[in-house]
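Before any comments, here is the structure.
The values are calculated or read from the model by the stated rules, or taken from the named source; none is laboratory data. Predicted, not measured: the structure shown is a model, and the values here were computed from it. We place every Cβ from the backbone using ideal geometry, glycine too, and count neighbours over all the protein chains shown.
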Amino acid sequence: MRRLQDVADVTVVASSTFSQKNELLRIIGGFEGAIITSNIPFDRDVLEKAAGLKVVSRFGVGYDCVDVRAAVERGVVVTNTPVLSEAVVELVFGLLFAVARNISKADAYLKGGQWSVREERIRFTGVDFFGKTLGIIGLGRIGSLLARRARSFDMRLVYTDIVRYHVLEGEVGVQFLPLDMLLSQADFVSLHTPLTEQTRRLIGERELRAMKPSAILVNTSRGLVVDEAALIQALTEGWIAGAGLDVYEHEPIRLESPLLTLENVVLTPHLGGGTRECNDRVVAVAVENTIRVLNGEEPLYPVTS
């Protein structure tokens, strides 16, 4: 805050204020910079009202809430903070462990005072990681770090992406596969793609049916990358064994969602970058991006498309 106040007058507005878009439209014309969270919609309507706006600085990696094309047309710089990779990868492993080894169910079982016979623990028998195939959808910053970390489990690593990463293939030992082949071969599938028109509901009924019945899906990217209704059906009918989810079609997740009642799912409330250290990194970079643009300099992490 002190760094921002050295270069600008700063107003802090709670995101809940913008539950009605009209409020954002009413005030945005008075600002040259905006540091925003993912639930603030900076679409074309908002940007057209923002006559003096120079920069929109996003907390986090995803920027699907910002109409980047409209921003570029108006000369507004959009930035993000891609400094979450380590924290997100740690959560991916946490979700994988929790689902594959039934950690959440076992924890609830013990805390519920149900463990009266030692042999009953067999009900929480899980599956190994080593020797299994990990499929990574999206081999960018987070996906590639996940691949590097997963090597320590002696896993076979496969990925799919819109581009080939030949250097990483050699360095990490990760194999490129088309999506259908990856889904049919992977024991664990982790999603690391941005939300675009091309990736919206990338994983739907056809893709879920292509996975192994023993497979586990983890999503820490964006909820709408997965067709949530199809996923619920897949988990209910046993097309796949389980899922670990940090993101959802609606956030906060709706209380009537069947996901909340399924035993083969572990859920977290969008905690991908949720560590103290990561929060500090994100804030520092968002502020630095903003200050640089307001001072007529290039930001650390511009978004152009």
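Can you pull out every residue in region 289-298 that is surrounded by fewer than 21 Cβ atoms within 10 Å (Cβ to Cβ), touching a residue at least 24 places away in the same chain (Cβ under 8 Å) and not aliphatic (A, V, I, L, M)? I'd like the intermediate steps shown before the answer.
Taking region 289-298 as the starting set, the residues that turn out to be surrounded by fewer than 21 Cβ atoms within 10 Å (Cβ to Cβ) are 291-292, 294-298.
Retained after the next criterion (residues that are touching a residue at least 24 places away in the same chain (Cβ under 8 Å)): 291, 294-295.
N295, the sole residue that qualifies.
Of the residues A108, A150, which is closer than 18 Å to N219 by Cβ, out of contact with any Asp or Glu (no Cβ under 8 Å at 6 or more places or on another chain) and not assigned by TED's automatic domain parsing to the domain that holds V68?
A150
Kindly provide the set of residues from region 105-164 that are of a type in the set (V, I, T) and either part of a helix (DSSP H, G or I) or in contact with a His (Cβ under 7 Å, 6 or more places away or on another chain) (or both), ordered by number.
The initial filter retains those residues of region 105-164 that are of a type in the set (V, I, T), namely 117, 122, 125, 127, 133, 136-137, 142, 158, 160, 162-163.
If the condition is that a residue be of a type in the set (V, I, T) and either part of a helix (DSSP H, G or I) or in contact with a His (Cβ under 7 Å, 6 or more places away or on another chain) (or both), then I122, I136, I137, I142 are the ones that fit.
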Out of the residues in region 112-153 that are among the acidic types (D, E) and at pLDDT below 95, which is farthest from G62 (Cα to Cα)?
E119
Has region 260-270 got any residue that is part of a helix (DSSP H, G or I), surrounded by 14 or more Cβ atoms within 10 Å (Cβ to Cβ) and in contact (Cβ under 8 Å) with a residue 12 or more places away in the chain?
no
Among (1) at pLDDT below 95; (2) in a strand (DSSP E or B), where does P252 come up short?
(2)
Any chance region 56-73 includes a residue that's under 30 Å from K132 (Cα atoms), surrounded by 15 or more Cβ atoms within 10 Å (Cβ to Cβ) and not assigned by TED's automatic domain parsing to the domain that holds T125?
yes
Would you point out which residue out of E256, E251 is farther than 30 Å from R2 by Cβ, in contact (Cβ under 8 Å) with a residue 24 or more places away in the chain and not small (G, A, S)?
E251
Keeping to region 147-169, report how many residues are farther than 20 Å from F188 by Cα and among the aromatic types (F, W, Y).
1
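Would you check which residues across region 27-80 are farther than 27 Å from S221 by Cα and part of a helix (DSSP H, G or I) and list them? Give the steps one after another, and end with the answer.
Here is the first cut: in region 27-80, the residues farther than 27 Å from S221 by Cα are 27-32, 48-54, 73-75.
I27, I28, G29, G30, E48, K49, E73, listed by residue number.
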List the residue pairs whose Cβ atoms are under 6 Å apart, where the first residue sits in region 163-187 and is under 13 Å from S144 (Cβ atoms), the second is part of a helix (DSSP H, G or I), and the two are 6 or more positions apart or on different chains.
L168/S144; V172/A147; V172/R148; V174/A147
Could you check E197 against (1) modelled with pLDDT of 95 or more; (2) out of contact with any helix residue (DSSP H, G or I) (no Cβ under 7 Å at 6 or more places or on another chain) and say which number it fails?
(1)
Any idea which of V92, V83, V46, V76 is farther than 27 Å from R292 by Cα and either touching a Gly at 6+ places or on another chain (Cβ under 6 Å) or buried (at least 17 other Cβ atoms within 10 Å of the Cβ) (or both)?
V92
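Are any of the residues in region 102-114 under 20 Å from V158 (Cβ atoms), β-branched (V, I, T) and out of contact with any Pro (no Cβ under 9 Å at 6 or more places or on another chain)? Working first, answer last.
Within region 102-114, the subset under 20 Å from V158 (Cβ atoms) is none.
Within region 102-114 (the criterion being under 20 Å from V158 (Cβ atoms), β-branched (V, I, T) and out of contact with any Pro (no Cβ under 9 Å at 6 or more places or on another chain)), the answer is no, since none of the residues qualifies.
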Quick check on my filter: what residues within region 208-221 are surrounded by fewer than 23 Cβ atoms within 10 Å (Cβ to Cβ) and in contact with a Leu (Cβ under 6 Å, 6 or more places away or on another chain)?
A210
